[in-house]
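As structure tokens, the structure follows; a few thoughts come after it.
The values are calculated or read from the model by the stated rules, or taken from the named source; none is laboratory data. On a predicted model such as this, the values are computed, not experimentally measured, just so you know. Glycine also receives a Cβ, built like all others from the backbone with ideal geometry; neighbour counts cover every protein chain displayed.
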Ligand SMILES: CC(C)(COP(=O)(O)OP(=O)(O)OC[C@H]1O[C@@H](n2cnc3c(N)ncnc32)[C@H](O)[C@@H]1OP(=O)(O)O)[C@@H](O)C(=O)NCCC(=O)NCCS
């Protein structure tokens, strides 16, 4: 297994594989990726049904950095992230930072600690940066991984993704704020 941050040309080479994984994993996300128009949108109640499947989401992912896990050149998992991301919730005081927008492991690669290994590589590369991400409150697998890496809950948006499903923002900071 090879785990690394892709160069621009490698990223182009893996684009179709990334699209295929997003298409296959679409409905596992809450709400499904095909109902989203970007990786950071604030409205996530899932009521907006897109017409192009995961294409809008994929277009946003393509513009970001990608850390990939490959096995004999086949994509098994990836993390998309933005460098130095600032919005109304993550202010400039948190720079330098990275914002993890997507984490996805192919079904056949799951349960083997691959996410842990991808995150180890990513966090070693950005050891001097604050790290942010968000997920839905019922995503036990991801939340378990985040707490193992020492992420703290930053903000909870109650019922943001539907009844009983919150959006939870996590942070892992290099100093206290
Ligand atoms: C979340 C996801 C990336 C985890 O990938 P993975 O490589 O299988 O995770 P790991 O093998 O590194 O497991 C990490 C921990 O989570 C636990 N875990 C994995 N799947 C789990 C599940 N469905 N429920 C509860 N815990 C789970 C593992 O037991 C492991 O804990 P351990 O170290 O105590 O054994 C994968 O399930 C996935 O792609 N899901 C769909 C997309 C998604 O939810 N992405 C995140 C959106 S923000």
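Looking across segment 159-170 at every residue that is in contact (Cβ under 8 Å) with a residue 60 or more places away in the chain and assigned to a strand (DSSP E or B), the one that is nearest to residue 31 (Cα to Cα) is identified as 167.
The rows are residues; the columns are (1) within 24 Å of residue 83 (Cβ to Cβ); (2) exposed (fewer than 14 other Cβ atoms within 10 Å of the Cβ).
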site: 4; (1), (2): yes, no
site: 8; (1), (2): yes, yes
site: 12; (1), (2): yes, yes
site: 18; (1), (2): yes, no
site: 21; (1), (2): yes, no
site: 27; (1), (2): no, yes
site: 31; (1), (2): no, no
site: 34; (1), (2): no, no
site: 43; (1), (2): no, yes
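Among the residues here, residue 57 qualifies as away from the ligand (no atom under 11 Å from the Cβ), within 16 Å of the chain's Cα centre (by Cα), closer than 26 Å to residue 161 by Cα and surrounded by 14 or more Cβ atoms within 10 Å (Cβ to Cβ). In segment 148-155 there is at least one residue matching the filter, namely being loosely packed, with under 13 Cβ neighbours inside 10 Å and either modelled with pLDDT under 95 or out of contact with any strand residue (DSSP E or B) (no Cβ under 9 Å at 6 or more places or on another chain) (or both).
Every residue in segment 124-140 that is under 18 Å from residue 156 (Cα atoms) and either within 13 Å of the ligand (Cβ to nearest atom) or assigned to a loop (DSSP other than H, G, I, E, B) (or both), please.
Kept after step one, since they are under 18 Å from residue 156 (Cα atoms), are these residues of segment 124-140: 131-140.
132, 133, 134, 135, 136, 137, 138, 139, 140, listed by residue number.
The residue that is farthest from the ligand (Cβ to nearest atom), among those in segment 141-152 that are in contact (Cβ under 8 Å) with a residue 12 or more places away in the chain, closer than 25 Å to residue 92 by Cα and out of contact with any helix residue (DSSP H, G or I) (no Cβ under 8 Å at 6 or more places or on another chain), is 152. Taken over segment 93-120, the criterion of being in a loop (DSSP other than H, G, I, E, B) and near the ligand (Cβ under 10 Å from one of its atoms) is satisfied by 106, 110, 111, 112, 113.
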